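The values are calculated or read from the model by the stated rules, or taken from the named source; none is laboratory data. What you see is a predicted model; the values in this text were computed from it and never measured. Neighbour counts run over all protein chains shown; Cβ positions are idealised from the backbone, glycine included. Ligands, DNA and RNA are stripped out before the accessible areas are found, and what is left, the full protein with its side chains, is counted by its heavy atoms. Shrake-Rupley method; radii C 1.70, N 1.55, O 1.52, S 1.80 Å.
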Amino acid sequence: MSIIYDEKQQLFHLQTRNSSYLMEIEEGGVLAHLYFGEKIDSYHGIRKYPRLERSFSPNVPESKNREISLDTLLQESSSVGNGDFRIPSCQIRLANGNSTVDFRYSSHQIFVGKHEIKGMPQSFVKKSDQAETLKIILEDKNAQVNLELYYTLFKDSSVIARSEKLINKGAEPLFLTKLMSFQIDFPANEFEVMHFEGAWAREQTIMREKIGKGVKLLGSRRGTSSHQENPSFILTSSATTEKSGDVYGFCLVYSGNHETNLEKDQYEQLRVMMGINSFEFDWKLESNEQFQTPEVLMNYTNQGFTDHSLIFHSFMKNHIIRKFPEKERPILINNWEATYFDFTEEKLLHLAEEASHLGIELFVLDDGWFGKRNSDTTSLGDWKVNKQKFPNGLANFSKKISQRGLSFGLWIEPEMVSPESTLYEQHPEWALQVPGKKGVLGRGQYVLDFSQATVRKHIFEQFVAVLDTLDFSYIKWDMNRSLTDVFSTVLPPDKQGTVYHRYVLGLYEFLEMLIKRYPNVLFENCSGGGGRFDAGMLYYMPQTWISDNTDAGARLQIRYGASYFYPINVMGAHVSAIPNHQTGRMISLETRGNVAMSGILGYECDLTKLSPEEKETIKKQISFYKQHRKLIQTGTFYRLSNPFIKNEGAWSFVSPDKSECLLFYFRKTAIASGPINILKLSGLDKKAIYETDQGVAYSGEELMTLGFYMEYYLPGDYASKRVYLKRRGE
Ligand code: DGJ
């Protein structure tokens, strides 16, 4: 990695392990974007932006040159009112009502390590010399505003971490209404965008679309990163495959409202940007105050989607996930789909006993353990143990769990309050609400105003009072609705436009306190499944319940989509009952097991009701998983067949030394006289001979080129097969 400033050419060259990023200070001091793509050794000024006068393209005031216009120039940031008519990355309203700002290069610094982004999740470096940062200061002297652009490069990765900071240098306050974390203007191109849309229980659905003229807006306005649109996207070309082609990946390290803008302009150039959603965003900055955006992780590869994903997976493990990035995760039983709210201590202990016999390691007590919580209409906010369900208290129950050979985990939902609760009776003003207006309910609950320190303190203390008495090793943090009535009773009118972001900052502060207090506890992030599955949350919680949809068929796709940016060892997956509670589908226990064990295996069904044969199958699944857990959780993940577009889904896990490979194959619909399927594997040792668990031998080269015949005749819908391959002699 290196960051070079060529003074003669007024050029910045960021060189990562396999890419180059070029910027140039253009006439009039405008910071132009030149190139992001395949690595080049040096640049000799050949790509000066074409000088051409175009009608209706106004000129830069500092230059007499009528061929220089912000209307056409590729830039690193943009604003309004200055002759650039495309979507801006920064919008400000000054005290005098003016919103025209025009940033020019002022200075820059290149330093070892990286700057700190206060109060927000961000990429970290273990040793400062593993990273280098470029800070470019742009200024608008007239408006008295500075904009700082940050670019961090890492020694062990080609990912570039990008963020921005705006500083009010004037004497009067200003209002910041939009500030993206990055902007890139690509020259004319035929990019496609790939993004991960969805809904509750249908997260991470892959959309790959041509980018036409005009503006495309992706994002979330729900207060969370959302089930509907993951804060990540890819720019690619129609020819790109898993193994070759251009892939630009962008992933926001943030858990609230986010926005991606793509604008293909009149000259087929593409402006892309991503950051906090400007919807309802209005941040007052007093004189000398500053606003810092979250980070975007961006990467380029010309080696296709597999390389893109492997780069992001290892970046997340090495620079985002602070806790247990590679630690083996326990196999859990969660009582939610087994009992919902209808349980007694006795019933749970039976479940735990059965789990223990089967080899399960962790018992997770889900919703319903507190207040009068026998349904979802009550008690959120009253975090005191329900004495009817646990007459001897929760500490006593957790002891009984450990006596049965399991560790103990607990579900919590700190950000919420039920209208029927002591907390709401005493402090209705602690919920997000618009004065005088009836609040909008979601799942029968209100959202607490986590932007308020008093609220956070009170909730934190309630949890500490419970948790400090327990012997526990795991927490599932849930969040079950989108934000509405986003108004804080403690903020003045001119700060109401800050509540969405302050809420997220409050959440991060709370999480930081909680993980510091319980440093050895494994935290699993959940928001009705994958409603807040993002790199920001991974900074605090290394595991995620990626969907409430436990149907193995649906999960096949959700996992496949999620794997483009996020590593497999953050994704929890459970075997549940049939008919499945979300889809009603009947899928064999074998396939349910194969899907769930392609991640962090868990069970979420009433184990006490299973037949002896089913228990035997589960025992075998668990023992297989324990034997290969390290390979699955820390191996390299390869997508082999896309279940969104094919009847088959397949993937494999390969150990870092390439000596082992575990292949999973899923055939969705049974077809009589169907085609014979060939799966070409990835990441193997070309020269080695691999033997399957059935004793058949192949060379690594053959497996990756000629491929592996999958039997087509697997009985029934959603049939599956798992093949373990080992390098001969290991
Ligand atoms: C939604 C979660 O995603 C489920 O797993 C479960 O914990 C319920 N909430 C409990 O209310």
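For the stretch 466-551, with only Lys/Arg (+1) and Asp/Glu (-1) charged at the beta-carbon, what is the dipole magnitude about the Cα centre, in debye rounded to 20?
Values: 7 positive and 11 negative charges, 47 e Å.
That gives the stretch 466-551 a dipole magnitude of about 220 debye.
Whole Å is fine, so just give me how far the alpha carbon centre of the stretch 148-184 lies from that of the stretch 598-637. Taking the Cα centre of the stretch 598-637 as reference, the centre of the stretch 148-184 is 45 Å away.
Within the full protein context, the accessible area of Glu116 is estimated at about 130 Å² for a probe radius of 1.4 Å. In this structure the stretch 551-593 gives 23 Å² per residue of accessible area when probed at 1.4 Å with all protein chains present.
With all distinct Cα pairs included, what does the Kirkwood hydrodynamic radius of the stretch 648-727 come out to in Å, to one decimal, could you say?
Hydrodynamic radius (Kirkwood, Cα pairs) of the stretch 648-727 is 13.0 Å.
Could you sort Ser356, Ser77 by accessible area so the largest value comes first, with the probe set to 1.4 Å?
Numbers: Ser356 40, Ser77 15 Å².
Order by accessible area, largest first: Ser356, Ser77.
For the stretch 648-727, the relative contact order comes to 40 percent (Cα pairs under 8 Å, sequence separation of at least 6).
For the stretch 30-188, what does the convex hull of the Cα positions come to per residue, in cubic angstrom? Before the final figure, lay out the partial values.
Numbers: hull volume 23.2 nm³, N = 159.
For the stretch 30-188, the hull spanned by Cα atoms encloses 146 Å³ per residue.
Put Thr692, Thr100 in order of accessible area, largest first, 1.4 Å probe: what do you get? Working shown, then result.
Details: Thr692 15, Thr100 60 Å².
Largest to smallest exposure gives the sequence Thr100, Thr692.
Just the number, please: Stokes-Einstein D of the stretch 59-132 in µm²/s, Kirkwood Rh from C-alpha pairs, 20 °C, 1.002 mPa s. The estimated diffusion coefficient comes to 137 µm²/s. Accessible area per residue (1.4 Å probe, heavy atoms of protein chains only) ranks Lys155, Lys721 as Lys155, Lys721, with the largest value leading.
Would you mind telling me the share, in percent, of accessible area of the chain contributed by carbon and sulfur at probe 1.4 angstrom?
Values: 13580 of 27120 Å².
Carbon and sulfur atoms account for 50 percent of the accessible area of the chain.
Divide the volume of the convex hull around the Cα atoms of the chain by the residue count and you get 165 Å³ per residue. Probing with 1.4 Å while keeping every protein chain in the model, the per residue accessible area of the stretch 630-730 equals 48 Å². Of interest is the spacing of the C-alpha centroids, which for the stretch 214-292 and the stretch 704-730 amounts to 39 Å.
Shape annotation for the stretch 520-566: C-alpha extents along the principal axes are 34, 20, 17 Å, from largest to smallest. Considered as an equivalent ellipsoid built on the Cα gyration tensor, the stretch 332-634 has semi-axes of 33, 22, 18 Å, the largest given first.
Taking the Cα centre of the chain as the origin, how large is its charge dipole in debye, to the nearest 20, when only Lys and Arg (+1) and Asp and Glu (-1) carry charge on their Cβ atoms?
Values: 84 positive and 90 negative charges, 187 e Å.
For this selection, approximately 900 debye.
I need the fraction of alpha carbon pairs in the stretch 432-521 separated by more than 18 Å, rounded to a whole percent. Of the Cα pairs, 51 percent sit more than 18 Å apart.
Loop only per DSSP, at most 12 neighbouring Cβ atoms within 10 Å: give me the GluC sites (Glu not before Pro) in the stretch 284-384, ordered by residue number. Working shown, then result.
Numbers: sites: Glu286, Glu289, Glu295, Glu326, Glu328, Glu337, Glu345, Glu346, Glu353, Glu354, Glu361; in loops: Glu286, Glu289, Glu295, Glu326, Glu328, Glu361.
The qualifying sites are Glu286.
Over 29 Å between Cα atoms, which of Lys213/Lys495; Lys165/Lys495; Lys169/Lys317; Lys39/Lys243 qualify? Don't skip to the answer; put the middle values down first.
Values: Lys213/Lys495 36 Å; Lys165/Lys495 19 Å; Lys169/Lys317 38 Å; Lys39/Lys243 18 Å.
With Cα atoms farther than 29 Å apart: Lys213/Lys495; Lys169/Lys317.
Taking 4 °C and 1.567 mPa s as conditions, the stretch 168-257 diffuses translationally at an estimated 84 µm²/s according to Stokes-Einstein applied to its Kirkwood radius (Cα pairs).
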